[in-house]
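The values are calculated or read from the model by the stated rules, or taken from the named source; none is laboratory data. All values reported here derive from a predicted model rather than from experimental measurement. Neighbour counts are summed over all protein chains in view; Cβ atoms, including those assigned to glycine, are modelled from backbone coordinates with ideal geometry.
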Amino acid sequence: MNGVRILDALSRVPQELTIHIIMVVVSLAIAIAVSIPLGVFLTRPRFKKFGVVAMNILNIFQAFPGMAIIALTMPILGLGLKPAIGALVVQALLPIARNTIAGLYGVDSSIKEAAQGMGMSEGRILKEVEVPLALPVILAGIRTSAVYVVSVGTLAAYIGGGGLGNLIITGLNMLWVEFLIVGAGFGALLAIAFDRGLSYVEFRLTPPGFSTK
Amino acid sequence: MIELHDVTKIYDGQTVPAVEDLTLKIEEGETCVFVGPSGCGKSTILRMINRMIEQTSGDVLIDGKDVRETDPNQLRMSIGYVIQQIGLLPHRTVAENIGIVPRLHGWGKDRVAARVDELLELMGLDPEETRTKFPAQLSGGQMQRVGVARAMAVDPPVMLMDEPFGAVDPIVRSRLQDEFLRLQREMRKTICFVTHDINEAIKMGDTIAIFTKGRLVQHGTPQEILSHPKNEFVKDFIGQDRVVKMLTLFQVHNIARPNPCIIRENELPDIGRKMQQEQAPVIFLVDDSGKPCGLITAEDLERETANGAGTERLKELAYSKRGAFIGGDLLLNDALSYMLEWDTDYLGVMNGRGLAEVLSMADIRECACRKEGDQ
């Protein structure tokens, strides 16, 4: 262990961590904006038939190794942060879409029937009944994606995306254990922080009627 | 008034109709109970009335207007709907749940709040305590009450109830039924009520429609159905005890006779003379405070006097029937049960103040036979 190198690595953390967080937050936001509407769409009776196809495509995306996705986006989107985010979005879609669908299907059909029987329109049932009741499951999907994106995000450095991956790559290239430890350690801490943070959000957004059970 | 004309429903991918050629008329203010085994199509009929299911052919009319002419959501907003699972929104409070339909109608906040409190009170729930609770904090019976309150929120003239009391235990169910009957006597709504329990049908229905395999077998008043079951299916469905079931249609004061013969304890030595004088088949013993405490029949008296029994023996005999007193609002089948329990052919019928009438086994038999006979 070399004390100077540890300090050197730590001094680069604020910048790389910021980039990493931006990368994760942006790709999660895009993934949420795509996946939740997709999940809602695929649970509507009219469009149910597309469900299997859509989920299989997402499954294939998910099955690609993170490294490969990142490498594959390079020829299309070039180098830098943008292609890295693109690759992360692709990887983050599935858990959120899958949980959105599971959450919406999990809403007790008698509750939906009662809502329909009272004369609530489809849109109103979605907004006031289905989404609130599916929210805990959807948020769990977002958590899964977040942790995933934080870790795959370290690979973004290979295509010039920056982030904590830079520290790890430097460590590997120079065989500096200190850089490896600092880069990987902060990556892990960031993943835990996202998980805990989102779990708190989940707790706050869970419909109050559920917490009394 | 709800009318169904030649209504048939065949579900997609099936060849056997779920409901076939149904023609049925439910008068204004009438409770019609649809009853039949599972899968007989009774819930399907209910849902065709509020267009949750569209019929394959035929017409459904409410107050002479084809339901297909109204927007489904508007239609449903004007029909109360209660299902067995209740379907309260678990993330909304009781007040918010009851307020759903009024808010769909665009009522103001204060009007909704006032109506919620009114309904909670009507349903025997304390508004202060209940309105801010979530459904998960309520008991089964309370949930059902909230479910019914929610369906009645905008006072709809028509209500559809699909096994509304099916999910609670028998004691709570019976209480909910009684309360709902009491409400219905005042509200006179037009109600379609689905159940698979013939006893509930007899209790709740002004008329009963019995279904099997998508077809209407018999439609009539409970009395018509019990006394003239149309075929073996109806007979089987009603059960072996159909005459006893018929007794559930009458209360004790419908057939009990007034002016029971009464004797005080200190008059016991005179009992023979008194009974002869009044020509009564039974005499009730009352204590000094006027509280009835037993009875002696003419037969018993004759036998005991022949055996030379004294006052003490007669008193003992009377006291052995000390439980043979019932309320006038009891149903005849329950009264019959009392008679068997206390091994007596006579029961004293109490009103608020004291002994008012006498009910005899002969009266019950006559009632059962007479009702069996007339149309």
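Report whether or not B:VAL154 is within 14 Å of chain A (Cβ to nearest Cβ) and either assigned to a loop (DSSP other than H, G, I, E, B) or touching a helix residue (DSSP H, G or I) at 6+ places or on another chain (Cβ under 7 Å) (or both).
Numbers: within 14 Å of chain A (Cβ to nearest Cβ): yes; either assigned to a loop (DSSP other than H, G, I, E, B) or touching a helix residue (DSSP H, G or I) at 6+ places or on another chain (Cβ under 7 Å) (or both): yes.
Yes, satisfied.
Among (1) within 26 Å of A:LEU133 (Cα to Cα); (2) crowded, with 22+ Cβ neighbours inside 10 Å; (3) not hydroxyl-bearing (Ser, Thr, Tyr), which single condition is A:ILE70 missing?
Condition not satisfied by A:ILE70: (1).
If I filter segment B:29-49 down to residues being among the hydroxyl-bearing types (Ser, Thr, Tyr) and surrounded by 20 or more Cβ atoms within 10 Å (Cβ to Cβ), which single residue comes out as nearest to the other protein chains (Cβ to nearest Cβ)?
Once the filter is applied, the top-ranked residue is B:SER43.
One residue is enough: does segment A:163-182 have a residue meeting the conditions buried (at least 20 other Cβ atoms within 10 Å of the Cβ) and not in a helix (DSSP H, G or I)?
The answer is yes; a qualifying residue exists.
Considering only residues that are of a type in the set (A, V, I, L, M, F, W, C) and part of a loop (DSSP other than H, G, I, E, B), look in segment B:108-151 and name the one that is farthest from the chain's Cα centre (by Cα).
Here the residue is B:PHE134.
Those residues that are over 23 Å from B:GLU299 (Cα atoms) and surrounded by fewer than 17 Cβ atoms within 10 Å (Cβ to Cβ), I need them from segment B:332-349; list them, please. Walk me through how you get there before you give the answer.
Looking only at segment B:332-349, we keep the residues that are over 23 Å from B:GLU299 (Cα atoms), and these are B:332-334.
Answer for segment B:332-349, where residues must be over 23 Å from B:GLU299 (Cα atoms) and surrounded by fewer than 17 Cβ atoms within 10 Å (Cβ to Cβ): just B:ASP334.
Report yes if A:SER199 is farther than 30 Å from A:VAL4 by Cα, out of contact with any Pro (no Cβ under 6 Å at 6 or more places or on another chain) and of a type in the set (S, T, N, Q), otherwise no.
So A:SER199 passes the test.
Anything in segment A:133-180 that is more than 20 Å from the chain's Cα centre (by Cα) and closer than 30 Å to B:PRO72 by Cα? List them, or say none.
A:LEU133
Results for (1) more than 14 Å from chain B (Cβ to nearest Cβ); (2) assigned to a helix (DSSP H, G or I); (3) in contact (Cβ under 8 Å) with a residue 60 or more places away in the chain, shown as yes or no for each residue.
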| position | (1), (2), (3) |
| --- | --- |
| A:PRO132 | no, yes, yes |
| A:ALA146 | yes, yes, yes |
| A:LEU190 | yes, yes, yes |
| A:TYR200 | yes, yes, no |
| A:PHE203 | yes, yes, no |
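Determine if segment A:81-101 includes at least one residue that is modelled with pLDDT of 90 or more, within 14 Å of chain B (Cβ to nearest Cβ), in contact with a helix residue (DSSP H, G or I) (Cβ under 8 Å, 6 or more places away or on another chain) and crowded, with 20+ Cβ neighbours inside 10 Å.
no
Out of segment B:50-108, which residues are β-branched (Val, Ile, Thr) and within 9 Å of chain A (Cβ to nearest Cβ)?
The answer is B:ILE79, B:VAL82, B:ILE83, B:ILE86, B:THR93, B:ILE100, B:VAL101.
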